[in-house]
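Read through the structure below, which is laid out as structure tokens, and then see the notes.
We did not get these values from a lab; they are worked out from the coordinates using the rules stated. Being a predicted model, the structure only gives us computed values, none of them experimental. Virtual Cβ from ideal backbone geometry, glycine too; neighbours counted across all protein chains shown.
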Amino acid sequence: MTVLNIQGVTKSYTLDRKFVLSNLDFTLEKGDICAFIGESGTGKSTLLRLIAGLETSDSGTIILEGKTVESASKFVAPEDRGIGFVFQDFALFPHMSIKKNVGYGLAKSQDKIARVSEVLRMVGLGSHGDRYPHELSGGEQQRIALARALAPNPTLLLLDEPFSNLDTALKSQIRNELFEIIKATGISCIFVTHDAQDAISLAHKIAVLDQGKVIQMGTPKVLFDQPFTPAIARFFGEINIFNQEDFQHFDIELEKADFYGIRPEHITYSLTPVKNSYAAVIMGETFHGLWRKYRIKLSSQIELDLMIDAQVLIERKEIFITLDPAHLLRFQKKNYSF
């Protein structure tokens, strides 16, 4: 079942009509968690605000569970869309207790108190209802923001850079705990992030925004293994990029492209020559926790990064590398800044 259908949405903020979003199309299926990635200014947060009804588009249609919530002739107010929103700064009311924060968007009814207690237990903070936001840690505040967004049983949950305000040491733990809660509810969810690990570990699908449009969408594995552009490839990890001239130095038959790439961890090495190997001189090394990265130079003067297990130390200056065609990526030239 399609939960969200966006058709041709366009949005600009300036008189010169420089579009933040340009004729954007997107669909989200029930229960899916989708991450939007892209550089600052590509329209990620704007898209969330348009979906939520916090801003209006210049043109286009937004359909939620088969009902149009925005078009040229219709606009449904944010409070009537059935959407939960977790803001980047959590946006908790400092003068309200936690239970009043969570119940803020709920209509007055006999079930309100019970629902507040239920979602507080859901996020593991059932005993914190009488506290105030300043008495909680950053991770606890985020859980309260999530509880408030979930309290009205929304059709769709939106999160804007949900982990940017959290300490690095706690981020991974809180991120996993938060999305276990979301997945348990079965609610459809869209979040925007600058962190590749957030997108890879949490999302069922990832959408890449550039110049106001979705230029690639797929599972984390598809975007990692088959990125459309070098910049998308770089978002998910380091990569060596060759132009056509550089690639001609390798005796590898591959369908023609504008650029080629291979990730440092996909380059294999040996201490003696093997079939189809290339001599390389080690220019330097850096330690990266689980990986050790070597900067190497081939006789053709091409420089590459090679990543190997950190427990392995290459104690010589010359090695021989092999590029597996199965791991080589091909890129066609596109007018994408990201």
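By a straight-distance test (C-alpha under 18 Å), which lysines pair with residue 112 as possible cross-link partners, with residues fewer than eight away in the same chain excluded?
Here the lysines satisfying the reach criterion relative to residue 112 are 99, 100.
Arranged by the count of other C-beta atoms within 10 angstrom, fewest first, what order do 131, 263 take? Please list the in-between numbers first.
Details: 131 15, 263 19.
The most exposed by this proxy come first: 131, 263.
What's the exposure ranking of 167, 58, going from fewest to most Cβ atoms within 10 Å?
Values: 167 11, 58 14.
Ascending Cβ contact count within 10 Å gives the list 167, 58.
Estimate the FRET efficiency between residue 29 and residue 288 by the formula 1/(1 + (r/R0)^6), using the beta-carbon distance for r and 35 Å for R0, to the nearest 0.05.
Numbers: r = 37 Å, r/R0 = 1.05.
For residue 29 and residue 288, the calculated efficiency is 0.40.
Work out how much length residue 68 to residue 311 would gain on full extension: take 0.36 nm times their residue separation and subtract the Cα-Cα distance, in nm to one decimal.
Additional length available on full extension: 81.8 nm.
If I take R0 = 45 Å and measure r between the Cβ atoms of residue 204 and residue 275 in this structure, what FRET efficiency does the formula 1/(1 + (r/R0)^6) give, to the nearest 0.05? Provide the component values of the computation, followed by the final result.
On the way: r = 41 Å, r/R0 = 0.91.
Step by step, r from the Cβ atoms, then E = 0.65.
Quick one: work out the % antiparallel among DSSP beta bridges in the range 9-156, nearest 5.
Roughly 90 percent of the DSSP beta bridges within the range 9-156 come out antiparallel.
Between 163, 287, 250, where does the largest GNM mean-square fluctuation fall for the chain, given springs only between Cα atoms within less than 10 Å?
Top of the fluctuation ranking is 287.
Per residue of the chain, what 222 nm ellipticity follows from adding -39500 (n - 2.57) for every DSSP H run with n ≥ 4, rounded to the nearest 500?
On the way: 9 runs with 79 residues, N = 338.
Computed mean residue ellipticity for the chain: -6500 deg cm²/dmol.
Could you work out how far the C-alpha centroid of the range 211-288 sits from that of the range 111-130, in angstrom?
That distance is 49 Å.
Would you calculate the separation in nanometres between label points at residue 298 and residue 251, each defined as 7 Å from the Cα along the Cα-to-beta-carbon direction?
Between residue 298 and residue 251, the label points sit 1.2 nm apart.
Compute the distance in nm between two label points, each set 7 Å from the Cα along the Cα-to-Cβ direction, one at residue 40 and one at residue 322.
4.5 nm
Any idea what the relative contact order of the chain is, in percent, if you count C-alpha pairs under 8 Å spaced at least 6 apart?
Details: 639 pairs, mean separation 55.5, N = 338.
It rounds to 16 percent for the chain.
Along the charge dipole of the range 90-221, which of 163, 90, 187 sits closest to the positive end, that is, farthest toward it, with unit charges on the beta carbon of Lys, Arg, Asp and Glu (+1, +1, -1, -1)?
So the residue furthest toward the plus end is 187.
Provide the percentage of antiparallel DSSP beta bridges, counting only those with both residues in the chain; round to the nearest 5. List each step's numbers first, then the result.
Values: 51 of 68 bridges.
Among the beta bridges of the chain, antiparallel pairing accounts for roughly 75 percent.
I need the trypsin sites (Lys or Arg not before Pro) found in the range 1-38, filtered to DSSP loop residues with at most 11 other beta carbons within 10 Å of theirs.
Details: sites: 11, 17, 18, 30; in loops: 17, 18, 30.
Of the trypsin sites (Lys or Arg not before Pro), the ones in loops of the range 1-38 whose Cβ has at most 11 other Cβ atoms within 10 Å are 17, 18.
Between 0 and 90 degrees, rounded to the nearest ten: what's the tilt of helix 112-122 against the longest Cα principal axis of the chain?
Roughly 20 degrees between the two axes.
Calculate, for residue 258 and residue 173, the FRET efficiency according to 1/(1 + (r/R0)^6) with r their C-beta to C-beta distance and R0 56 Å; round to the nearest 0.05. Display every interim value, and only then the final one.
Numbers: r = 42 Å, r/R0 = 0.75.
It comes out at approximately 0.85.
Between helix 168-185 and the chain, what is the angle of the helix's C-alpha long axis to the longest principal axis, kept within 0 to 90° and rounded to the nearest 10?
The angle comes out at about 60 degrees.
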